[in-house]
Amino acid sequence: MSDAALDRTAAVTGAADWRDYVALMKPRVMSLVVFTAMTGLAAAPASPHPVIALTIILAIAVGAGASGALNMAYDADIDAVMGRTRMRPVASGRVSAAEANTLGLVLSALSVAMLGLATNLLAAALLAFTIFFYAVVYTMWLKRRTPQNIVIGGLAGALPPGIAWAAATGGLTLDPVLLVAIIFIWTPPHFWALALYKSGDYARAGVPMLPNVKGPAATRRAILIYSLVLAPLGVAPALTGIGGPAYLAVSLLGGAAFIGLALRVARSRAGEAGAVGESDLYAVRAGDRAARDLFAFSILYLFGVFAVLLAEHALPGVPL
């Protein structure tokens, strides 16, 4: 850990409280996992008993929290030198890495056992694979070694709707694979847009994000390429029948807007001026606003397509 990181850690006073242990589980990430899992569960052709459905979502949420705790335990040195992560519980010294690892391992075992006992082995195996992939393959291997860390590692964040579908039905079909694929292809342009205007943070931490390795211009092109793939992929559930008219409209409009913002990024000089170091996720220099706007919209896009799909399947009176 750097001297600056140690100074920041030493400046933190007071023992950890319950909020620090909640923060270990990355509640913002967990909320997205729960949301996409709920969509996969609602869209599945089988409807489990409400108690079983609640158990499925709870197990997936706990598994996501376990992944977050294991990630923070291993990445404390990186988190301590990045503006937006330096006050995380382990990086700031409020919680020890051993405590975070213990919490992560206990929650991992609990979540997988809970899902396996309540549903089936396929769902439990997928959840176990997701936790392992995020905590070991992404966090311990990919993140520090390759600019493709987000591309490959994004599989862990993409799997929850597939896990929920498998838990409800005992199998997987094209429809849940499409839901997983949408999140998987969405992840790189989402994070690369952030990396364009936060590249200084990643450089200080030694994380080989695409803008730091290939440069801003190559990153802007990659964002556009992935966006061009994402837009039609986002429409695909309407073509297989899992998405209805509302989903078709939202996915078409959202995809067009995503491409428009990606084109704006491609034509900009986002990432050229160096990145700001503030902890504010949306603080940018004037030249980086195109990247910041795409990052912000990408969250709205993913929420929009999954929210309307959830509504079509879960709310009475919404036509499929």
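The values are calculated or read from the model by the stated rules, or taken from the named source; none is laboratory data. Since the model is a prediction, treat every value here as computed from it, not as a measurement. Note that each Cβ is placed from the backbone with ideal geometry, even for glycine, and that neighbours are counted across all protein chains shown.
Scanning the range 85-114 for residues that are of a type outside the set (A, V, I, L, M), at pLDDT below 95 and buried (at least 23 other Cβ atoms within 10 Å of the Cβ) gives Arg88, Pro89. Is it the case that Ala262 is in a helix (DSSP H, G or I) and either surrounded by fewer than 22 Cβ atoms within 10 Å (Cβ to Cβ) or of a type in the set (A, V, I, L, M, F, W, C) (or both)? It is true that Ala262 is in a helix (DSSP H, G or I) and either surrounded by fewer than 22 Cβ atoms within 10 Å (Cβ to Cβ) or of a type in the set (A, V, I, L, M, F, W, C) (or both).
The lone criterion from (1) at pLDDT 90 or above; (2) in contact with an Asp or Glu (Cβ under 7 Å, 6 or more places away or on another chain) left unmet by Met82 is number (1). Of the helices (runs of 4 or more DSSP H) lying entirely inside the range 190-246, those carrying at least 3 residues that are within 19 Å of Arg264 (Cβ to Cβ) and in contact (Cβ under 8 Å) with a residue 40 or more places away in the chain are 216-240.
To keep it simple, each residue is scored yes or no on (1) more than 30 Å from Leu41 (Cβ to Cβ); (2) over 20 Å from the mean Cα position of the chain (by Cα).
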| site | (1), (2) |
| --- | --- |
| Ala66 | no, no |
| Arg84 | yes, no |
| Gly93 | yes, yes |
| Leu110 | no, yes |
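Each row is one residue, and each column tells you yes or no for (1) of a type in the set (S, T, N, Q); (2) modelled with pLDDT under 95.
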position	(1), (2)
Arg220	no, no
Tyr226	no, no
Glu272	no, yes
Val284	no, yes
Arg289	no, yes
Ser298	yes, no
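Residue-level check: of (1) more than 30 Å from Arg269 (Cα to Cα); (2) without any contact (Cβ under 8 Å) to a residue 24 or more places away in the chain, Met140 misses just (2). So for the range 149-172 (the condition being crowded, with 23+ Cβ neighbours inside 10 Å, of a type in the set (A, V, I, L, M, F, W, C) and in the same structural domain as Arg292 (by TED's automatic domain parsing)), does at least one residue qualify? Within the range 149-172 (the criterion being crowded, with 23+ Cβ neighbours inside 10 Å, of a type in the set (A, V, I, L, M, F, W, C) and in the same structural domain as Arg292 (by TED's automatic domain parsing)), the answer is no, since none of the residues qualifies.
In the range 26-44, of all residues being modelled with pLDDT under 95 and not hydrophobic (A, V, I, L, M, F, W, C), the one that is nearest to Trp165 (Cα to Cα) corresponds to Ser31. Residue selection: Met38 satisfies the criterion of being assigned to a helix (DSSP H, G or I), in contact with a helix residue (DSSP H, G or I) (Cβ under 8 Å, 6 or more places away or on another chain), touching a residue at least 60 places away in the same chain (Cβ under 8 Å) and surrounded by 18 or more Cβ atoms within 10 Å (Cβ to Cβ).
Considering only residues that are small (Gly, Ala, Ser) and not in a helix (DSSP H, G or I), look in the range 15-31 and name the one that is surrounded by the fewest Cβ atoms within 10 Å (Cβ to Cβ).
Ala15
The helices (runs of 4 or more DSSP H) located wholly in the range 56-145 that include 3 or more residues which are closer than 17 Å to Ala167 by Cβ occupy 97-118, 121-132.
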